[in-house]
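Novice: I'd like to ask some things about the structure below.
The values are calculated or read from the model by the stated rules, or taken from the named source; none is laboratory data. Given the structure is predicted, the values throughout are model-derived calculations rather than measurements. Don't worry about glycine lacking a Cβ; one is built from the backbone with ideal geometry, like all the others, and counts go over all protein chains shown.
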Amino acid sequence: MVEYEKAYFTGDTYEPYWDFPAHEERVKRLINITHPKSVLDVGCAYGFIVRRLLEGGIHAMGVDISKWCEEKAKTIIPEHFVRTSADDLSMFRDKEFDVLYCEGVLEHIPEDKLAKVMSEFERVSERRYLQMSFSFHKDVEKEYGHVTLKEPWEWFKIVPLYTWIFLGESGTDGGNAWIYKG
């Protein structure tokens, strides 16, 4: 099992993790597609997406399961981070957020927890914007701790209504590389 602590974020996976220029592209894409008033970033790592949203005047919160990320996020987005898992968002009210943003997390969730995660995502947000790795990346993804890999149509079947699934590569503008379940 992959541990999502210091070694994951400072080792070969990210070489190390920092505020990549792609974060700006992701925020622009999120805003252009969803026009959010408030955002919950599930799996926010250090909170760079949340910080950019806050700087743009959008109320945002970030959550991550990692103690290491909590240490970093508390310096980057103080008062806007909670350490918790994707299947326990109990600290948030029903529909507290206009949009839930989740990139690069769902493939790390074991299959038997996906229903609970999707239930929590639907409960805390009006709409969702998700990006994950797909099963056609199987040969390289397992080494990064990706335990649940599905084709886009398989994800589409299990996500709640009012969810965008981004089909493009991370860090690209993606154009129209997303599908919407509404």
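Novice: Being at pLDDT below 95 and aliphatic (A, V, I, L, M) is the filter here; which residues of region 32-50 pass it?
Specialist: Correct list: 33, 45.
Novice: Show the residue pairs meeting these rules: Cβ distance below 6 Å; 6+ apart or different chains; first residue within region 117-129 and touching a residue at least 24 places away in the same chain (Cβ under 8 Å); second residue assigned to a helix (DSSP H, G or I) and among the hydroxyl-bearing types (Ser, Thr, Tyr).
Specialist: Correct list of pairs: 129/34.
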